[in-house]
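The values are calculated or read from the model by the stated rules, or taken from the named source; none is laboratory data. Treat the numbers as computed from the prediction; the structure is a model and nothing was measured. All Cβ positions, even for glycine, are placed from backbone atoms using ideal geometry, and neighbour counts span all protein chains on display. For accessibility, only protein heavy atoms count, side chains too; no ligands or nucleic acids. Shrake-Rupley method; radii C 1.70, N 1.55, O 1.52, S 1.80 Å.
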Amino acid sequence: MAKDEQLQVLSMLDAAKTQFYHFTAVVISGMGFFTDSYDLFCISLVTKLLGRIYYHVEGSAKPGSLPPNVAAAVNGVALCGTLAGQLFFGWLGDKLGRKGAYGITLMLMVGCSIGSGLSFGSSPTSVIATLCFFRFWLGFGIGGDYPLSATIMSEYANKKTRGAFIAAVFAMQGFGILAGGMVAIVVSSIFRAVYHADPYSVDPIGSTVPQADYVWRIILMFGAVPAALTFYSRMKMPETPRYTALVAKDQNKARQDMAKVLNVEMKEQQEVAHAQPQNNRSSKFALFSKKFLKRHGLHLLGTASTWFLLDIAYYSQNLFQKDIFSAVGWLPSASSMSALDELYKIARAQTLIALCGTVPGYWVTVFLIDHIGRFAIQLIGFFFMTAFMFLLAIPYHHWTRPENNIGFIVIYGLTFFFANFGPNSTTFVVPAEIFPARFRSTCHGISAAAGKAGAIIGAFGFLYASQNQDKSKTDAGYPPGIGMRNSLIVLGVISILGFFFTFLVPESKGKSLEEMSRENEDEGDDQVQPNRIEVTV
(Lines give C-alpha, C1' and ligand atoms only; values in the text may rest on other atoms or scores of the structure.)
Protein backbone atom coordinates (compact mmCIF):
# COMPACT_ATOMS: atom_id res chain seq x y z
CA MET A 1 0.00 0.00 0.00
CA ALA A 2 2.78 2.42 0.85
CA LYS A 3 4.38 1.62 -2.51
CA ASP A 4 1.15 2.55 -4.32
CA GLU A 5 0.90 5.80 -2.37
CA GLN A 6 4.48 6.63 -3.29
CA LEU A 7 3.96 5.95 -6.98
CA GLN A 8 0.83 8.10 -6.95
CA VAL A 9 2.80 11.04 -5.60
CA LEU A 10 5.51 10.61 -8.24
CA SER A 11 3.04 10.16 -11.08
CA MET A 12 1.20 13.29 -10.03
CA LEU A 13 4.41 15.30 -10.21
CA ASP A 14 5.17 13.99 -13.70
CA ALA A 15 1.62 14.66 -14.91
CA ALA A 16 1.15 18.10 -13.33
CA LYS A 17 0.80 20.95 -15.81
CA THR A 18 3.25 23.82 -15.72
CA GLN A 19 2.24 26.08 -12.85
CA PHE A 20 3.10 29.57 -11.69
CA TYR A 21 5.19 27.99 -8.93
CA HIS A 22 7.52 26.42 -11.49
CA PHE A 23 8.42 29.90 -12.73
CA THR A 24 8.71 31.16 -9.15
CA ALA A 25 11.13 28.34 -8.36
CA VAL A 26 13.22 29.25 -11.43
CA VAL A 27 13.54 32.83 -10.18
CA ILE A 28 14.28 31.86 -6.56
CA SER A 29 16.84 29.20 -7.50
CA GLY A 30 18.10 31.17 -10.48
CA MET A 31 18.94 34.25 -8.46
CA GLY A 32 21.36 32.08 -6.54
CA PHE A 33 23.09 31.28 -9.84
CA PHE A 34 22.94 34.92 -10.87
CA THR A 35 24.89 35.67 -7.69
CA ASP A 36 27.16 32.65 -8.22
CA SER A 37 28.31 33.71 -11.66
CA TYR A 38 28.52 37.39 -10.73
CA ASP A 39 30.78 36.59 -7.78
CA LEU A 40 32.93 33.99 -9.56
CA PHE A 41 33.57 36.00 -12.70
CA CYS A 42 33.63 39.62 -11.51
CA ILE A 43 37.05 38.97 -9.95
CA SER A 44 38.51 38.70 -13.46
CA LEU A 45 37.39 42.30 -14.07
CA VAL A 46 39.27 43.76 -11.12
CA THR A 47 42.54 41.79 -10.99
CA LYS A 48 44.39 44.28 -13.20
CA LEU A 49 43.10 47.11 -11.01
CA LEU A 50 44.32 45.29 -7.89
CA GLY A 51 47.74 44.96 -9.49
CA ARG A 52 47.94 48.69 -10.23
CA ILE A 53 46.80 49.66 -6.72
CA TYR A 54 48.84 47.27 -4.59
CA TYR A 55 51.80 46.15 -6.72
CA HIS A 56 53.05 49.27 -8.45
CA VAL A 57 56.82 49.16 -9.14
CA GLU A 58 58.51 52.54 -9.11
CA GLY A 59 60.16 53.33 -12.43
CA SER A 60 58.62 50.37 -14.30
CA ALA A 61 57.57 50.90 -17.91
CA LYS A 62 54.46 48.78 -17.27
CA PRO A 63 51.68 49.28 -14.67
CA GLY A 64 51.78 47.09 -11.58
CA SER A 65 50.36 43.59 -11.89
CA LEU A 66 49.59 40.81 -9.46
CA PRO A 67 52.57 38.47 -8.91
CA PRO A 68 51.95 34.96 -10.29
CA ASN A 69 51.22 33.34 -6.93
CA VAL A 70 48.88 36.17 -5.92
CA ALA A 71 47.05 36.15 -9.26
CA ALA A 72 46.61 32.38 -9.02
CA ALA A 73 45.28 32.66 -5.47
CA VAL A 74 42.86 35.51 -6.20
CA ASN A 75 41.48 33.80 -9.32
CA GLY A 76 41.45 30.26 -7.94
CA VAL A 77 40.61 30.39 -4.24
CA ALA A 78 36.86 30.81 -4.80
CA LEU A 79 36.94 27.80 -7.12
CA CYS A 80 38.60 25.73 -4.38
CA GLY A 81 35.85 26.79 -1.98
CA THR A 82 33.22 25.96 -4.60
CA LEU A 83 34.58 22.44 -5.03
CA ALA A 84 34.47 21.83 -1.27
CA GLY A 85 30.96 23.32 -1.04
CA GLN A 86 29.63 21.14 -3.85
CA LEU A 87 30.77 17.97 -2.12
CA PHE A 88 29.63 19.02 1.36
CA PHE A 89 26.23 20.49 0.49
CA GLY A 90 25.58 17.74 -2.05
CA TRP A 91 25.94 15.21 0.76
CA LEU A 92 24.02 17.40 3.20
CA GLY A 93 21.14 17.82 0.75
CA ASP A 94 20.58 14.06 0.76
CA LYS A 95 20.89 13.79 4.54
CA LEU A 96 18.92 16.82 5.79
CA GLY A 97 16.79 17.46 2.74
CA ARG A 98 17.13 20.05 0.01
CA LYS A 99 15.38 22.81 1.93
CA GLY A 100 17.36 22.23 5.14
CA ALA A 101 20.68 23.16 3.53
CA TYR A 102 19.38 25.77 1.07
CA GLY A 103 19.36 28.82 3.31
CA ILE A 104 22.90 28.26 4.60
CA THR A 105 24.36 28.67 1.12
CA LEU A 106 22.64 32.00 0.58
CA MET A 107 23.76 33.38 3.95
CA LEU A 108 27.35 32.49 3.11
CA MET A 109 27.09 34.23 -0.26
CA VAL A 110 25.65 37.43 1.20
CA GLY A 111 28.06 37.64 4.13
CA CYS A 112 31.19 36.79 2.15
CA SER A 113 30.35 39.10 -0.77
CA ILE A 114 30.24 41.97 1.69
CA GLY A 115 33.34 40.68 3.47
CA SER A 116 35.26 40.55 0.16
CA GLY A 117 34.64 44.24 -0.37
CA LEU A 118 35.70 45.04 3.18
CA SER A 119 39.09 43.37 2.84
CA PHE A 120 41.19 46.00 4.53
CA GLY A 121 44.75 45.73 5.79
CA SER A 122 47.92 47.64 6.48
CA SER A 123 49.81 46.05 3.58
CA PRO A 124 49.03 44.56 0.16
CA THR A 125 49.67 41.08 1.57
CA SER A 126 47.10 41.47 4.35
CA VAL A 127 44.49 42.88 1.95
CA ILE A 128 44.93 40.02 -0.50
CA ALA A 129 44.99 37.43 2.30
CA THR A 130 41.72 38.78 3.73
CA LEU A 131 40.18 38.89 0.27
CA CYS A 132 41.18 35.27 -0.38
CA PHE A 133 39.74 34.18 2.98
CA PHE A 134 36.32 35.64 2.21
CA ARG A 135 36.37 34.43 -1.38
CA PHE A 136 37.06 30.85 -0.27
CA TRP A 137 33.96 30.85 1.93
CA LEU A 138 32.01 32.70 -0.73
CA GLY A 139 32.92 29.86 -3.07
CA PHE A 140 31.87 27.34 -0.42
CA GLY A 141 28.38 28.83 -0.38
CA ILE A 142 28.28 29.05 -4.17
CA GLY A 143 29.26 25.39 -4.38
CA GLY A 144 26.26 24.37 -2.32
CA ASP A 145 23.91 26.08 -4.73
CA TYR A 146 24.85 23.78 -7.61
CA PRO A 147 23.51 20.42 -6.33
CA LEU A 148 20.68 21.93 -4.29
CA SER A 149 19.19 24.21 -6.96
CA ALA A 150 19.45 21.59 -9.69
CA THR A 151 17.92 18.89 -7.52
CA ILE A 152 15.09 21.09 -6.25
CA MET A 153 14.11 22.14 -9.77
CA SER A 154 14.32 18.62 -11.18
CA GLU A 155 12.18 17.21 -8.38
CA TYR A 156 9.42 19.78 -8.80
CA ALA A 157 9.25 19.81 -12.60
CA ASN A 158 7.14 17.53 -14.77
CA LYS A 159 8.91 15.23 -17.20
CA LYS A 160 7.89 17.13 -20.35
CA THR A 161 9.44 20.47 -19.39
CA ARG A 162 11.95 19.42 -16.73
CA GLY A 163 15.02 20.05 -18.87
CA ALA A 164 13.92 23.58 -19.77
CA PHE A 165 13.27 24.53 -16.15
CA ILE A 166 16.59 23.17 -14.86
CA ALA A 167 18.42 24.84 -17.75
CA ALA A 168 16.57 28.12 -17.04
CA VAL A 169 17.89 28.09 -13.47
CA PHE A 170 21.42 27.65 -14.80
CA ALA A 171 20.86 30.23 -17.55
CA MET A 172 20.67 32.91 -14.87
CA GLN A 173 24.45 32.54 -14.80
CA GLY A 174 24.54 34.38 -18.11
CA PHE A 175 22.70 37.35 -16.64
CA GLY A 176 25.07 37.29 -13.65
CA ILE A 177 28.12 37.48 -15.95
CA LEU A 178 26.41 40.26 -17.92
CA ALA A 179 25.53 42.13 -14.71
CA GLY A 180 29.14 41.90 -13.52
CA GLY A 181 30.33 43.67 -16.66
CA MET A 182 27.57 46.28 -16.52
CA VAL A 183 28.16 47.09 -12.85
CA ALA A 184 31.88 47.50 -13.56
CA ILE A 185 31.09 49.78 -16.51
CA VAL A 186 28.74 51.97 -14.47
CA VAL A 187 30.99 52.22 -11.40
CA SER A 188 34.16 52.86 -13.40
CA SER A 189 32.37 55.46 -15.57
CA ILE A 190 31.20 57.38 -12.51
CA PHE A 191 34.65 57.41 -10.94
CA ARG A 192 36.32 58.30 -14.27
CA ALA A 193 34.02 61.29 -14.63
CA VAL A 194 34.62 62.52 -11.09
CA TYR A 195 38.33 61.68 -10.72
CA HIS A 196 40.25 62.37 -13.93
CA ALA A 197 43.55 60.54 -14.41
CA ASP A 198 46.21 60.59 -17.12
CA PRO A 199 47.47 57.39 -18.79
CA TYR A 200 50.25 55.44 -17.08
CA SER A 201 52.79 56.50 -19.71
CA VAL A 202 52.14 60.17 -18.82
CA ASP A 203 51.82 59.90 -15.05
CA PRO A 204 52.60 56.47 -13.55
CA ILE A 205 51.51 57.44 -10.03
CA GLY A 206 48.57 59.68 -10.91
CA SER A 207 47.13 57.18 -13.42
CA THR A 208 45.76 55.22 -10.44
CA VAL A 209 43.71 57.63 -8.36
CA PRO A 210 43.40 56.78 -4.63
CA GLN A 211 39.61 56.49 -5.03
CA ALA A 212 40.13 53.49 -7.35
CA ASP A 213 40.45 51.43 -4.18
CA TYR A 214 36.71 51.91 -3.64
CA VAL A 215 35.82 50.76 -7.15
CA TRP A 216 36.79 47.09 -6.86
CA ARG A 217 35.20 46.88 -3.42
CA ILE A 218 31.86 48.21 -4.67
CA ILE A 219 31.88 45.78 -7.59
CA LEU A 220 32.54 42.78 -5.32
CA MET A 221 30.00 43.79 -2.67
CA PHE A 222 27.21 44.25 -5.19
CA GLY A 223 27.04 40.47 -5.44
CA ALA A 224 25.28 40.40 -2.07
CA VAL A 225 22.25 42.33 -3.38
CA PRO A 226 20.44 39.70 -5.52
CA ALA A 227 21.16 36.95 -2.99
CA ALA A 228 19.73 39.02 -0.13
CA LEU A 229 16.59 39.86 -2.13
CA THR A 230 15.66 36.18 -2.53
CA PHE A 231 16.58 34.98 0.97
CA TYR A 232 13.03 35.20 2.39
CA SER A 233 11.49 33.44 -0.61
CA ARG A 234 14.06 30.66 -0.42
CA MET A 235 13.29 30.09 3.26
CA LYS A 236 9.57 29.76 2.47
CA MET A 237 10.07 27.04 -0.14
CA PRO A 238 8.76 23.66 1.07
CA GLU A 239 10.79 20.48 0.83
CA THR A 240 10.54 18.79 -2.56
CA PRO A 241 7.73 16.17 -2.65
CA ARG A 242 10.05 13.62 -4.22
CA TYR A 243 12.51 13.86 -1.35
CA THR A 244 9.67 13.68 1.17
CA ALA A 245 8.10 10.67 -0.55
CA LEU A 246 11.18 8.68 -1.54
CA VAL A 247 13.73 9.51 1.15
CA ALA A 248 11.75 10.76 4.17
CA LYS A 249 8.95 8.23 3.36
CA ASP A 250 6.16 10.66 4.32
CA GLN A 251 3.55 10.43 1.55
CA ASN A 252 0.98 12.61 3.33
CA LYS A 253 3.45 15.47 3.77
CA ALA A 254 4.54 15.13 0.16
CA ARG A 255 0.93 15.38 -1.00
CA GLN A 256 0.28 18.40 1.21
CA ASP A 257 3.32 20.23 -0.15
CA MET A 258 2.27 19.48 -3.72
CA ALA A 259 -1.23 20.77 -3.10
CA LYS A 260 0.22 23.92 -1.57
CA VAL A 261 2.52 24.93 -4.40
CA LEU A 262 1.34 23.11 -7.54
CA ASN A 263 -2.44 23.23 -7.06
CA VAL A 264 -2.66 19.49 -7.65
CA GLU A 265 -4.83 17.05 -5.71
CA MET A 266 -5.99 13.46 -6.10
CA LYS A 267 -9.68 12.77 -6.29
CA GLU A 268 -9.23 9.63 -4.25
CA GLN A 269 -6.81 9.61 -1.35
CA GLN A 270 -6.02 6.83 1.02
CA GLU A 271 -5.29 7.64 4.62
CA VAL A 272 -1.92 6.40 5.67
CA ALA A 273 -0.92 7.39 9.17
CA HIS A 274 2.75 6.51 8.87
CA ALA A 275 4.11 5.21 5.64
CA GLN A 276 6.68 2.53 6.41
CA PRO A 277 9.98 2.20 4.62
CA GLN A 278 9.65 -0.25 1.77
CA ASN A 279 11.65 -3.41 1.51
CA ASN A 280 12.31 -2.59 -2.10
CA ARG A 281 15.47 -4.29 -3.19
CA SER A 282 16.61 -1.21 -5.13
CA SER A 283 16.50 0.89 -1.97
CA LYS A 284 19.02 -1.30 -0.16
CA PHE A 285 22.21 -0.54 -2.05
CA ALA A 286 24.52 2.21 -0.82
CA LEU A 287 26.45 4.90 -2.63
CA PHE A 288 29.50 3.37 -4.37
CA SER A 289 28.31 -0.16 -3.57
CA LYS A 290 28.77 -2.83 -6.22
CA LYS A 291 25.14 -2.49 -7.28
CA PHE A 292 25.38 1.31 -7.48
CA LEU A 293 28.50 1.08 -9.62
CA LYS A 294 26.87 -1.52 -11.87
CA ARG A 295 23.78 0.66 -12.36
CA HIS A 296 25.18 4.17 -12.23
CA GLY A 297 28.98 3.94 -12.21
CA LEU A 298 29.47 4.71 -15.91
CA HIS A 299 26.83 7.44 -15.72
CA LEU A 300 28.68 9.12 -12.85
CA LEU A 301 31.97 8.78 -14.72
CA GLY A 302 30.31 10.36 -17.74
CA THR A 303 28.78 13.33 -15.91
CA ALA A 304 31.95 13.97 -13.88
CA SER A 305 34.44 13.61 -16.75
CA THR A 306 32.51 15.78 -19.22
CA TRP A 307 32.03 18.51 -16.61
CA PHE A 308 35.73 18.29 -15.70
CA LEU A 309 36.87 18.65 -19.31
CA LEU A 310 34.38 21.40 -20.09
CA ASP A 311 35.40 23.57 -17.16
CA ILE A 312 39.10 23.42 -18.03
CA ALA A 313 38.25 25.10 -21.33
CA TYR A 314 35.36 27.27 -20.13
CA TYR A 315 37.02 28.83 -17.10
CA SER A 316 40.32 29.29 -18.94
CA GLN A 317 38.47 31.40 -21.48
CA ASN A 318 36.21 33.22 -19.05
CA LEU A 319 38.66 34.16 -16.31
CA PHE A 320 41.36 35.31 -18.72
CA GLN A 321 39.36 37.06 -21.43
CA LYS A 322 41.25 40.27 -20.66
CA ASP A 323 44.58 38.57 -21.39
CA ILE A 324 43.29 37.10 -24.65
CA PHE A 325 41.90 40.49 -25.72
CA SER A 326 45.23 42.15 -24.95
CA ALA A 327 47.20 39.45 -26.76
CA VAL A 328 45.30 39.98 -30.03
CA GLY A 329 45.36 43.77 -29.70
CA TRP A 330 41.64 44.30 -29.06
CA LEU A 331 42.51 46.24 -25.91
CA PRO A 332 45.08 49.06 -25.98
CA SER A 333 48.36 48.55 -24.14
CA ALA A 334 48.04 48.95 -20.38
CA SER A 335 50.53 51.84 -20.29
CA SER A 336 48.33 53.88 -22.65
CA MET A 337 45.42 53.84 -20.17
CA SER A 338 44.71 54.94 -16.64
CA ALA A 339 43.64 52.31 -14.11
CA LEU A 340 39.94 53.15 -14.42
CA ASP A 341 40.15 53.40 -18.22
CA GLU A 342 41.56 49.88 -18.31
CA LEU A 343 38.81 48.53 -16.03
CA TYR A 344 36.15 50.22 -18.16
CA LYS A 345 37.49 48.80 -21.43
CA ILE A 346 37.94 45.28 -20.03
CA ALA A 347 34.37 45.36 -18.66
CA ARG A 348 33.02 46.66 -21.96
CA ALA A 349 34.73 43.87 -23.92
CA GLN A 350 33.52 41.14 -21.55
CA THR A 351 30.00 42.54 -21.54
CA LEU A 352 29.91 42.46 -25.33
CA ILE A 353 31.00 38.81 -25.38
CA ALA A 354 28.41 37.94 -22.70
CA LEU A 355 25.64 39.78 -24.54
CA CYS A 356 26.37 38.34 -27.97
CA GLY A 357 27.61 34.83 -27.13
CA THR A 358 27.16 33.74 -23.54
CA VAL A 359 23.56 34.76 -22.75
CA PRO A 360 22.01 33.66 -26.09
CA GLY A 361 23.69 30.25 -25.79
CA TYR A 362 22.08 29.59 -22.40
CA TRP A 363 18.58 30.47 -23.58
CA VAL A 364 18.77 28.58 -26.87
CA THR A 365 19.43 25.55 -24.66
CA VAL A 366 16.35 26.36 -22.54
CA PHE A 367 14.12 26.47 -25.61
CA LEU A 368 15.51 23.37 -27.35
CA ILE A 369 16.60 20.96 -24.60
CA ASP A 370 13.24 19.19 -24.31
CA HIS A 371 12.93 18.96 -28.10
CA ILE A 372 16.31 17.71 -29.33
CA GLY A 373 17.58 16.29 -26.04
CA ARG A 374 20.54 16.71 -23.71
CA PHE A 375 22.81 14.27 -25.52
CA ALA A 376 22.56 15.98 -28.90
CA ILE A 377 23.08 19.46 -27.44
CA GLN A 378 26.19 18.33 -25.57
CA LEU A 379 27.71 16.72 -28.66
CA ILE A 380 26.93 19.78 -30.78
CA GLY A 381 28.48 22.06 -28.17
CA PHE A 382 31.73 20.13 -27.78
CA PHE A 383 32.06 19.71 -31.56
CA PHE A 384 31.79 23.41 -32.32
CA MET A 385 33.92 24.42 -29.31
CA THR A 386 36.66 22.22 -30.78
CA ALA A 387 36.20 23.60 -34.29
CA PHE A 388 36.29 27.24 -33.22
CA MET A 389 39.25 26.75 -30.87
CA PHE A 390 41.29 25.32 -33.74
CA LEU A 391 40.02 28.03 -36.06
CA LEU A 392 41.39 30.61 -33.63
CA ALA A 393 44.61 28.77 -32.84
CA ILE A 394 45.94 27.46 -36.13
CA PRO A 395 45.96 30.83 -37.98
CA TYR A 396 46.55 32.68 -34.68
CA HIS A 397 49.02 35.22 -36.10
CA HIS A 398 46.44 36.15 -38.74
CA TRP A 399 44.03 37.17 -35.98
CA THR A 400 46.61 39.33 -34.17
CA ARG A 401 46.67 41.83 -37.04
CA PRO A 402 44.55 44.91 -36.19
CA GLU A 403 42.37 44.56 -39.29
CA ASN A 404 41.35 41.03 -38.24
CA ASN A 405 40.41 41.75 -34.61
CA ILE A 406 36.68 41.78 -35.31
CA GLY A 407 36.84 38.35 -36.92
CA PHE A 408 38.71 37.00 -33.90
CA ILE A 409 36.10 38.39 -31.50
CA VAL A 410 33.21 36.94 -33.55
CA ILE A 411 34.73 33.44 -33.54
CA TYR A 412 35.77 33.77 -29.90
CA GLY A 413 32.16 34.75 -29.04
CA LEU A 414 30.90 31.67 -30.89
CA THR A 415 32.99 29.41 -28.65
CA PHE A 416 31.03 30.84 -25.70
CA PHE A 417 27.75 30.44 -27.53
CA PHE A 418 28.37 26.74 -28.16
CA ALA A 419 29.75 26.19 -24.66
CA ASN A 420 26.43 27.41 -23.27
CA PHE A 421 24.27 25.95 -26.04
CA GLY A 422 26.11 22.80 -25.22
CA PRO A 423 27.98 21.18 -22.33
CA ASN A 424 28.02 24.11 -19.91
CA SER A 425 24.23 23.76 -19.62
CA THR A 426 23.76 20.02 -20.09
CA THR A 427 26.46 18.99 -17.61
CA PHE A 428 24.41 20.85 -15.00
CA VAL A 429 21.04 19.39 -16.05
CA VAL A 430 21.76 15.69 -16.51
CA PRO A 431 23.20 14.77 -13.06
CA ALA A 432 19.99 16.09 -11.49
CA GLU A 433 17.93 13.61 -13.53
CA ILE A 434 19.64 10.23 -13.72
CA PHE A 435 20.47 9.23 -10.13
CA PRO A 436 18.19 7.92 -7.33
CA ALA A 437 16.62 10.52 -5.03
CA ARG A 438 18.61 9.47 -1.98
CA PHE A 439 21.89 10.01 -3.91
CA ARG A 440 20.77 12.70 -6.35
CA SER A 441 22.19 15.72 -4.57
CA THR A 442 25.40 13.90 -3.66
CA CYS A 443 26.03 12.66 -7.20
CA HIS A 444 25.29 16.08 -8.64
CA GLY A 445 27.74 17.54 -6.13
CA ILE A 446 30.42 14.99 -7.13
CA SER A 447 29.91 15.79 -10.83
CA ALA A 448 30.00 19.53 -10.18
CA ALA A 449 33.10 19.17 -7.98
CA ALA A 450 34.85 17.34 -10.82
CA GLY A 451 33.96 20.33 -12.97
CA LYS A 452 35.46 22.73 -10.47
CA ALA A 453 38.61 20.62 -10.34
CA GLY A 454 38.82 21.26 -14.07
CA ALA A 455 38.14 24.96 -13.49
CA ILE A 456 41.03 25.11 -10.98
CA ILE A 457 43.34 23.48 -13.54
CA GLY A 458 42.11 26.00 -16.10
CA ALA A 459 42.50 28.96 -13.76
CA PHE A 460 46.00 28.06 -12.60
CA GLY A 461 47.28 26.30 -15.71
CA PHE A 462 46.15 28.83 -18.33
CA LEU A 463 47.68 31.65 -16.31
CA TYR A 464 51.13 30.12 -16.80
CA ALA A 465 50.67 28.27 -20.08
CA SER A 466 49.48 31.30 -22.04
CA GLN A 467 52.62 33.32 -21.25
CA ASN A 468 54.73 34.23 -24.25
CA GLN A 469 57.47 31.78 -25.17
CA ASP A 470 59.88 34.72 -25.29
CA LYS A 471 61.07 35.44 -21.73
CA SER A 472 61.33 39.18 -22.44
CA LYS A 473 57.63 39.35 -23.34
CA THR A 474 56.14 37.52 -20.35
CA ASP A 475 54.24 39.29 -17.59
CA ALA A 476 56.34 40.28 -14.58
CA GLY A 477 57.29 37.30 -12.44
CA TYR A 478 56.12 34.62 -14.85
CA PRO A 479 58.28 32.00 -16.55
CA PRO A 480 57.90 31.53 -20.30
CA GLY A 481 54.83 29.50 -21.27
CA ILE A 482 53.69 27.72 -24.41
CA GLY A 483 52.06 30.87 -25.77
CA MET A 484 48.46 31.83 -26.49
CA ARG A 485 48.30 29.91 -29.77
CA ASN A 486 49.41 26.60 -28.27
CA SER A 487 47.19 27.15 -25.23
CA LEU A 488 44.15 27.46 -27.52
CA ILE A 489 45.19 24.24 -29.30
CA VAL A 490 45.32 22.44 -25.92
CA LEU A 491 41.81 23.71 -25.10
CA GLY A 492 40.61 22.40 -28.47
CA VAL A 493 42.04 18.94 -27.72
CA ILE A 494 40.32 18.97 -24.31
CA SER A 495 37.02 19.75 -26.05
CA ILE A 496 37.52 16.72 -28.34
CA LEU A 497 37.90 14.50 -25.26
CA GLY A 498 34.67 15.96 -23.86
CA PHE A 499 32.90 15.01 -27.10
CA PHE A 500 33.84 11.34 -26.74
CA PHE A 501 33.15 11.09 -22.99
CA THR A 502 29.63 12.36 -23.70
CA PHE A 503 28.80 8.87 -24.98
CA LEU A 504 28.84 7.65 -21.35
CA VAL A 505 25.91 9.93 -20.47
CA PRO A 506 22.32 8.63 -21.03
CA GLU A 507 19.54 10.64 -22.64
CA SER A 508 16.83 11.66 -20.16
CA LYS A 509 14.50 13.64 -22.45
CA GLY A 510 10.84 12.85 -21.83
CA LYS A 511 11.52 10.27 -19.12
CA SER A 512 10.55 10.47 -15.45
CA LEU A 513 13.26 10.73 -12.80
CA GLU A 514 12.25 7.30 -11.48
CA GLU A 515 12.49 5.76 -14.95
CA MET A 516 16.01 7.13 -15.36
CA SER A 517 17.20 6.14 -11.88
CA ARG A 518 15.18 2.87 -11.74
CA GLU A 519 14.10 4.16 -8.35
CA ASN A 520 11.03 1.98 -7.72
CA GLU A 521 12.01 -1.29 -9.29
CA ASP A 522 10.94 -4.42 -7.48
CA GLU A 523 12.98 -7.59 -7.59
CA GLY A 524 12.85 -8.91 -11.12
CA ASP A 525 11.36 -5.74 -12.59
CA ASP A 526 13.15 -4.00 -15.41
CA GLN A 527 11.29 -0.74 -15.27
CA VAL A 528 8.80 1.18 -13.20
CA GLN A 529 5.17 0.48 -14.01
CA PRO A 530 3.30 3.74 -13.48
CA ASN A 531 0.01 3.62 -11.61
CA ARG A 532 -3.13 4.91 -13.22
CA ILE A 533 -4.44 7.75 -11.16
CA GLU A 534 -6.73 10.68 -11.62
CA VAL A 535 -5.17 14.09 -11.38
CA THR A 536 -7.01 17.39 -11.19
CA VAL A 537 -5.36 20.73 -11.75
- Note on the structure: Scoring only Lys, Arg, Asp and Glu (+1, +1, -1, -1) among other residues with Cβ under 11 Å from the Cβ of Gly81 yields +1
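Within the chain, which is the longest segment containing none of the trypsin sites (Lys or Arg not before Pro) that sit in a DSSP loop and have at most 13 other Cβ atoms within 10 Å? Walk me through the numbers on the way to the answer.
Values: sites that count: Lys17, Lys267, Lys284, Arg532.
Counting at most 13 other Cβ atoms within 10 Å as exposed, the longest clean stretch of the chain is 18-266.
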- Query: With each label point set 7 Å from Cα along the Cα-Cβ vector, what nm distance links Ile372 and Asn468?
  - Reply: 4.1
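Let me check against my output: what whole-number percent is the relative contact order of region 170-243, with C-alpha pairs under 8 Å and at least 6 apart?
On the way: 21 pairs, mean separation 19.2, N = 74.
Averaging sequence separation for qualifying contacts and normalising by length gives 26 percent for region 170-243.
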- Task: Go ahead and run the numbers for FRET between Tyr232 and Thr18, Cβ-Cβ distance against an R0 of 30 Å, rounding to 0.05.
- Result: 0.80
- In the chain, carbon and sulfur make up what percent of the accessible area (probe 1.4 Å)? 65
- Identified option (computed Cα Rg over 2.2 N^0.38 Å; candidates (i) 1.36; (ii) 1.15; (iii) 1.01): (iii)
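Do any of Lys99/Lys452; Lys17/Lys290; Lys249/Lys511; Lys99/Lys260; Lys17/Lys236 go past 26 Å between their Cα atoms, and which? List each step's numbers first, then the result.
Details: Lys99/Lys452 24 Å; Lys17/Lys290 38 Å; Lys249/Lys511 23 Å; Lys99/Lys260 16 Å; Lys17/Lys236 22 Å.
Among Lys99/Lys452; Lys17/Lys290; Lys249/Lys511; Lys99/Lys260; Lys17/Lys236, the Cα-Cα distance tops 26 Å for Lys17/Lys290.
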- Roughly how big is the chain's charge dipole about its Cα centre, with Cβ charges of +1 (Lys, Arg) and -1 (Asp, Glu), in debye to the nearest 20? 260
- Item | Karplus-derived HN-Hα couplings along region 431-440 (A = 6.51, B = -1.76, C = 1.60, θ = phi - 60°), whole Hz, x at Gly and Pro | x, 7, 10, 10, 10, x, 4, 6, 10, 4
- Per-residue HN-Hα couplings for region 145-154 [Karplus 6.51, -1.76, 1.60; θ = phi - 60°; Hz; x = Gly/Pro]: 5, 4, x, 6, 5, 5, 5, 4, 5, 5
- Item | Whole-Hz couplings from phi, Karplus 6.51/-1.76/1.60, listed for region 252-258; x for Gly and Pro | 4, 5, 4, 5, 5, 5, 5
- Label-point separation in nm, Ser189 to Glu58, each point 7 Å along Cα→Cβ: 3.8
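Accessible area per residue, 1.4 Å probe, Å², for the chain: what's the number? Walk me through the numbers before you get to the answer.
Numbers: 20320 Å² over 537 residues.
Averaged over the residues of the chain, the accessible area is 38 Å².
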